[in-house]
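For reference, the structure is listed below as structure tokens.
The values are calculated or read from the model by the stated rules, or taken from the named source; none is laboratory data. Since the model is a prediction, treat every value here as computed from it, not as a measurement. Positions of Cβ are backbone-derived with ideal geometry, glycine not excepted, and every protein chain shown enters the neighbour counts.
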Amino acid sequence: MSVVLSSAPSQRPARRWLAAAVAGLLVLSIGVQVVRDRGWQPYVPATPVLWLQSGQFLKRASLGFENVVADVYWIRAVVYYGSMRRAVEGRRDFSLLDPLLTFVTTLDPKFRVAYRFGAIFLTEAYPDGPGRPDLAIALLQRGIAANPTAWEYFHDIGFVYYWWLQDYQAAASWFAKGAQLPDAPEWLQPLAATTLAQGGDRQSSLQLWRQLGDSDIEWLRSTAKHRLTQIDAMDLVDEVNRAVRRFTTREGRPPHDFTEVIARERLRGWPLDSTGVPFEYDAAANRLDVGPKSTLWPLPWPREAGRTTP
């Protein structure tokens, strides 16, 4: 009896030290990955791989520190996304972004920032992102499965359908579903009705981006400001192209150069976008648009038409 009593206490500290050592090594290995990603000389392998391939395995290996490890992997996802955006265009590879976000949300299914910001990262078109709205929707749907009353995820899915896929029926459906949830804002139901009735109306786009522009996150505010500036540019493009069409109808031919339109339509001069870059005239298409040198290019015209209908 005395032997049993004396041996039991000695085993407990050993087990605690073993668990602490394993947890410490796990955190250290993840930290090494983060440092390696940041790198004083960033290295992008031809076929990048993750050391760990299973989110569920990583969750079990976290030994109860899932939230801490999720935070580390979220930092790694943000650093990875930022490093790819700064890389030389031909070497930008966003293939690890979705797996990293899957790790984060598997470890911590309540990590709202990872779902919402991760979806934005995934939808950004190349070269600023992978251009995968389908993966963004899948990520947000996993968020809904883990947080069924989070109206923000329904709003964000609707936003992806609206802005990136131009599927206004689907967008309105998701807005309407979100509006039925507790604590959903009053503007969400009218937004669904507007989107359904006026599919593609820029006023809905303005409302969507203004909502995101109220975020406390500086990066999201900056992105919303950029998109709002693009919408203003689209309005100006439509205005000057109406002048081009008036000229073409009156003269029975397209202009030889946009300077003809300036003179006959009594415009103030060659139109510039809000960044000061001149619009470019496409003689073959007989229309103007922002130039490739502008930070606003390319404008998000509806895919089915290639441009908006004034």
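Against the test of being in the same structural domain as residue 125 (by TED's automatic domain parsing), at pLDDT below 80 and touching a Gly at 6+ places or on another chain (Cβ under 8 Å), the options 184, 170, 192 yield a single qualifying residue, 192. Give the residues of the stretch 97-132 that are within 23 Å of residue 227 (Cβ to Cβ) and in a loop (DSSP other than H, G, I, E, B), sorted by residue number. Selection gives 124, 125, 126, 127, 128, 129, 130, 131, 132. Scanning the stretch 228-270 for residues that are surrounded by fewer than 19 Cβ atoms within 10 Å (Cβ to Cβ), within 30 Å of residue 160 (Cα to Cα) and either under 29 Å from the mean Cα position of the chain (by Cα) or aromatic (Phe, Trp, Tyr) (or both) gives 228, 229, 231, 232, 235, 236, 238.
One line per residue, one yes/no per condition, for (1) buried (at least 16 other Cβ atoms within 10 Å of the Cβ); (2) more than 28 Å from residue 295 (Cα to Cα); (3) not assigned by TED's automatic domain parsing to the domain that holds residue 191:
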site	(1), (2), (3)
84	yes, no, no
88	no, no, no
137	yes, no, no
143	yes, yes, no
148	no, yes, no
161	yes, no, no
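When the stretch 94-125 is filtered for residues that are more than 21 Å from residue 223 (Cα to Cα) and of a type in the set (Asp, Glu), only 108 remains.
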